[in-house]
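Quick notes on the structure that follows.
The values are calculated or read from the model by the stated rules, or taken from the named source; none is laboratory data. All values derive from a computational prediction rather than experimental measurement. Neighbour counts run over all protein chains shown; Cβ positions are idealised from the backbone, glycine included. With ligands, DNA and RNA removed, areas are computed over all heavy atoms of the protein, side chains included. Shrake-Rupley method; radii C 1.70, N 1.55, O 1.52, S 1.80 Å.
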Amino acid sequence: MELINSLIFMLNEMSPYILLGFLIAGLMHAFVGQRTMSRHLSGSGWRSVVKAAMVGVPLPLCSCGVLPTAIAMRRSGASKAASTSFLIATPQTGVDSIAATWSLLGPAFAVVRPVAAFATSLLGGMAVGYDERKSPAGSDSGRADACTNCRPVSFSRKCLDALRYGFVDLVGSIGVWLVAGLLIAAVIAVYVPADFFAAVGSTPIVSMVAVLLIAIPMYVCATGSIPIALSLVMKGLSPGTALVLLMAGPAANFASFTLISREMGRRTAIIYLASIVIGAIGFGLLIDYVLPASWFAIGQNCAACHHGTGFGLFPTECSAILSTLLIYSIAKRYIVKSKTFENMTVKYTIKGMNCPHCQAAVAKAISSVDGVTGVNVDLSTGVAEVEGAHDGDSVKKAVEAAGFNIA
C-alpha cells in the first residue's frame, strides 16, 4: 500500500505540469517549422550555436527523438557546431520536464536545470565549431533542400496537429520511460534503506562519478529522470549528484554516441560526450558547494510521499487523464498492427528506431518517395512494409536522410 501511495503522490505532483508541457510542446511543433530552425543554424560561429541552444532547451524531445531531428537539420544546412549544441541542449530538458521538475524538485532545480543545459550546449557547440574551423575537412557539408511541395496549412489544422503531437506522439515518445522512472522512484523511496547511499553520498564528487558511470550507458528521458533523482536525494545523495543524473541520463547514451560518430565524426562525438560530463560535474559541484543549500531542500515535498497526502481533486483528474494517455500510448506501441497491401509490397528492416517519434519520421521519409502508395512501419520489429512500384535505392536514401539505416 505504501508503494501505491508513493507512486500516486508523485504522479499527482507531476501530471498537471506535464499535461501543460505537452500542450505547449504541441503548439511549438505545429507553429514553428523545422526548416525555419535550420535556416538560422548554418555556420560554425557562436551565433548559430547560441540559436541552436535556445531552440533546444525548451523543445521537448527525448534522446532518441532528437537524433533524427538533429541529423535532418544537419543535412538541411545546420553546421556541426549548431547540431552538437542542439543535441546536447534538447534531451536534457524541455517545457514538459521543466514544469515537472518544478513540481517535484522545486523552483531552484527548475531554473538551474535549463541553465545548465544551455551552458553545456554552448561549451560543446563552440568546441566543435573551433574544431570545424581549424580542420581542413571541417567545412560545412550540410545541404539546404528547397521545399518543392509546400502548401499552406490552415490554423485549425495546425491546432489539431498540435493536440495530436502533444498528447499522442509526444506521450508515445516518453510514455514508457516516464512510467519506468515513476516505478523505479517509488521502489527506491519505499524499499531502499535511508542510509544505503550514506557512504557514497558523503563525498559528492565520488557520488557524481558513480552516477555518471550508471547514467551514460543507461537511457532515461528528461521527465522520467525526475522522480528517480528525487528518490535518490531522499536516500542521501546530494542535490548536485541528482543534477548530474538529470543532465547525463537523458543526454548521453551509447546510441547517441554511435550515431553522432557516424554522422559527424568521432571527434565531434567525443567533444559531445566530454561536454556533457564536464558540464554535469561542474554544475553539480556548484549546487553542492556554492549555491545556498536551502534552495534545494526538497524533503518537505516528499514527506507527503510516505503519508498518502497530495490527492487533491484537480491533480487526481490530471493524473487520470495522463494515465489514460500513457496506457493508450503504451498499448499502441506494443500491440503489433497488421496492414495488408493489395499491390506489390517490399519489406525493409530499419535500424535505429527507438520510439514512436522515430517511427513517424521513417514513415514520413518513405512516404515522400515517388511510387510509394502505402507504408506500415512496425516499431517493435523494425520492419517497414512499403507498397507500390518504387525504387529501393530511393527508399534507402530517404531513410538515411532522416537519420536511420536500412539493414
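Per-structure values
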quantity	calculated
Where a residue in the range 1-22 is more than 30 Å from Asp161 (Cβ to Cβ) and of a type in the set (S, T, N, Q) and its partner, wherever it lies, is open to solvent by less than 50 Å² (accessible area, probe 1.4 Å) and modelled with pLDDT under 80, with Cβ under 6 Å and at least six apart	Asn5/Gly308; Ser6/Ala186; Ser6/Ala189; Ser6/Val190; Ser6/Cys305
Residue within the range 341-357 that is among the aliphatic types (A, V, I, L, M) and either open to solvent by 90 Å² or more (accessible area, probe 1.4 Å) or at pLDDT below 80 (or both) present	yes
Residues of the range 145-177 satisfying the condition of being modelled with pLDDT of 75 or more and in contact with a Pro (Cβ under 7 Å, 6 or more places away or on another chain)	Asp169
Qualifying positions in the range 287-308 - at pLDDT below 50 and either aromatic (Phe, Trp, Tyr) or open to solvent by 40 Å² or more (accessible area, probe 1.4 Å) (or both)	Gln300, Asn301, Ala303, His306, His307
Phe22 vs. criteria crowded, with 22+ Cβ neighbours inside 10 Å, over 17 Å from the mean Cα position of the chain (by Cα) and either at pLDDT 70 or above or farther than 29 Å from Ser231 by Cα (or both)	no
Lone qualifier among Gly65, Gly125 - being at pLDDT 85 or above, open to solvent by less than 10 Å² (accessible area, probe 1.4 Å) and in a helix (DSSP H, G or I)	Gly125
The range 346-383: number of residues that are in a strand (DSSP E or B) and either of a type in the set (D, E, K, R) or in contact with a helix residue (DSSP H, G or I) (Cβ under 6 Å, 6 or more places away or on another chain) (or both)	6
Flag for Ala82 being assigned to a helix (DSSP H, G or I), at pLDDT 75 or above and either open to solvent by less than 10 Å² (accessible area, probe 1.4 Å) or more than 17 Å from Ala222 (Cβ to Cβ) (or both)	yes
Test: residue in the range 105-122 that is in a helix (DSSP H, G or I), modelled with pLDDT of 85 or more, within 14 Å of the chain's Cα centre (by Cα) and over 27 Å from Leu322 (Cβ atoms)	no
Residue match in the range 178-185 (condition: modelled with pLDDT of 80 or more, open to solvent by less than 10 Å² (accessible area, probe 1.4 Å) and of a type in the set (A, V, I, L, M))	no
Breaking point among (1) more than 30 Å from Ser294 (Cβ to Cβ); (2) among the polar types (S, T, N, Q); (3) at pLDDT 70 or above; (4) under 14 Å from the mean Cα position of the chain (by Cα), for Ser48	(4)
Which numbered condition Val386 misses (of (1) modelled with pLDDT under 85; (2) not in a loop (DSSP other than H, G, I, E, B))	(1)
Test for Gly240: is it outside any helix (DSSP H, G or I), small (Gly, Ala, Ser) and under 24 Å from Ile205 (Cβ atoms)	no
Residues within the range 374-407 that are surrounded by 15 or more Cβ atoms within 10 Å (Cβ to Cβ) and over 23 Å from Arg262 (Cα atoms), tallied	10
